[in-house]
Structure formats: C-alpha cells, structure tokens
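Comments concern the structure below.
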Amino acid sequence: MKTSPRINIAVSPLSWVNEVLHDLGAGTTAAQCLSEAASAGFQGVEMSRIFPRDAVQLQATLGEYSLQLASGWHDGFLTERDVEEELEAVAAHATLLRHCGASVMVYGECGWMADNALDIPLSQRRLLPAEKIPVYAARLTAFARQLHQRYGLKLAYHHHLMMVAEQLDEIKKVISACGEEVGLLLDTGHATAAGFDYAELIKAFPARICHVHLKDVRPAVLAQVKDQGLTFNQGVRAGMFTVPGDGSTNYQALAHFLATSNYQGWVVVEAEQDPAQANPLTFVTRAHQFVTQHILPQV
C-alpha cells in the first residue's frame, strides 16, 4: 500500500513527554522518542523540549533516525504585543525551524488567556472582545508575512481549547479577518473537544489549511471533564485525548479533503497522554497503521 507522496506523516513527541506537565514522561530521552517514532514508520516529528535547541545538533540527531522536522510550536502574544516584538521573540525558534528544513510554524495564541488557563475549568475561558479582532488579525497578517519573508515559514494558526479561538465561530472570525498569509492548522481533537465538527473548518477554509494535527477524543472522559468542571490539564491526565482511531472522531471528511484537494505537507499524529498509562510505541504504531489505511490517500 502506497500513500500520496505530497503528504508526509509525522508524530508529535507529546505521546512521550508533555510540554507543560513535566512529570508526564519524566526521564524520557530524545533517543527513545526518535527511535520509537522511526520504528513505528513515521517520516518526521515536531519540535519538543527534549530535543537539542542547537540547529546543527538537532539536524544531526534527527538524521540518525532518518527523520525530518515537520514543524514546531511558538507561544504567540500578538493579542498583547506588536509585530516587531513578536518577530524578536520568534527569531531563534524560526531560525531553528528553517535550518532544519521545516516550512511551517505552528502559532498558538498564548496572550489574552486567563491566569493559569490550563489549570482552571474549561468553562472559565477568557474571551477576546469582538472589537479587538481587527487589530489582532492585522498583527497576525503582518507577522505571518514577515515570518515567510525572513524565514520561508508559513504560519499555521492553531485553534485550541482555552485560547482566543476555540469555538467554531471564533475561529471563523479570526481567520476571515486575516490576510491569506495566515494559514490554518486543522486540529481534529481540539475541534471535537470544543464541540464542533472539524469538517466545518474544511468547508470554510479549504485553501487556508496548511498543517494537520490528528488528535482523537475519548467521549466518556470529555463528558467527565465538562460535567465535573475539570481543567485542561486534568483532562489530559485523565486521558481526554488519544491517538486517531482510538476515540470518537470520524475522519471520513478529512480523508476526502486530503484525497481531493491540493493539500501538500504534513499530517501529525498527536495525543497528549500519560505515557505511563498509554505506552507510546504501542499507541503511535497503531495510529500510524490507522492513518495510512483510513486517512491518507492511496496511490
């Protein structure tokens, strides 16, 4: 079975270590993560706190396992600071991504969030006032333009629980207000957890989708998180997220989009789980098989 050469499949190190909850996967080495990612059949990985931040060393480390750097997350604050400040903040990260061959940078808006946003109930998210969206969108557009001109990177805007663009209408308002320089990261798990069908984003912005995160949701755990007023981090610890094929998300719409559109780039298996409860190699191997059989177009 061969999949389309225009689409590559990567895995996020979040199955091995958590970027925020450092006790999850504590002691896990880059060598373990990369060797298991390669043995499961993946072509690339996203950036992680356990990887070298030196570009030459990182590229050499990835090369040992014949893996590429698909992308990396940037903590953005354009709701609060201007474009030049953001460009200064992103310089080292963007340089690293460019040197290692990435063409997309994941942008997550970490400004305008409630204090300790990941440790308060999901229902207590701080909303961005509608009158602030035009200025915010203009900053995003200008930043995305400079990101591409300086580093050759496409900005992939990540809709995300507890951030300013979580619900479908919020995402539509932000992306619609931005110039075409701002791409959209489609995250199937964050859409499902936010209560909407990710297919609505495909319908609204097919040409803007430049990166895909394949995350799934366990509905019983999500219901528990919402019913009990739990936090994002508590949800992660409880197993709210899982790898594609292990939850309730229907991937038919995504499979159709990938098969019929001109999408080129990466799809990334991602699951924020406790590796002590969900063996990383077991889960990502199963996910790779699911994605290649049921999501990626066959040739």
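The values are calculated or read from the model by the stated rules, or taken from the named source; none is laboratory data. Every value quoted in this text rests on a predicted model; they were computed, and no experiment measured them. Please note: Cβ atoms are built from the backbone with ideal geometry, for glycine as well, and neighbour counts cover all protein chains shown. Protein only, heavy atoms only, side chains kept; ligands, DNA and RNA dropped before computing areas. Shrake-Rupley method; radii C 1.70, N 1.55, O 1.52, S 1.80 Å.
Annotations
- Tally, over the stretch 252-291, of residues that are assigned to a loop (DSSP other than H, G, I, E, B) and of a type outside the set (G, A, S): 10
- Residue in the stretch 55-72 that is open to solvent by less than 20 Å² (accessible area, probe 1.4 Å), touching a residue at least 60 places away in the same chain (Cβ under 8 Å) and closer than 27 Å to V267 by Cβ present: yes
- Tabulated pairs, the stretch 224-250, first closer than 20 Å to P275 by Cα, second buried (at least 23 other Cβ atoms within 10 Å of the Cβ) and hydroxyl-bearing (S, T, Y), C-beta under 9 angstrom, 6+ apart or interchain: V243/S15; P244/T188
- The residue pairs whose first member lies in the stretch 1-15 and is at pLDDT below 90, whose second member is outside any loop (DSSP other than H, G, I, E, B) and open to solvent by less than 10 Å² (accessible area, probe 1.4 Å), and whose beta carbons are closer than 6 Å, counting only pairs six or more residues apart or on different chains, do not exist in this structure.
- Options A271, A253: the member that is open to solvent by 20 Å² or more (accessible area, probe 1.4 Å), touching a helix residue (DSSP H, G or I) at 6+ places or on another chain (Cβ under 6 Å) and touching a residue at least 40 places away in the same chain (Cβ under 8 Å): A253
- Within the stretch 1-51, tally of residues that are crowded, with 21+ Cβ neighbours inside 10 Å and among the basic types (K, R): 0
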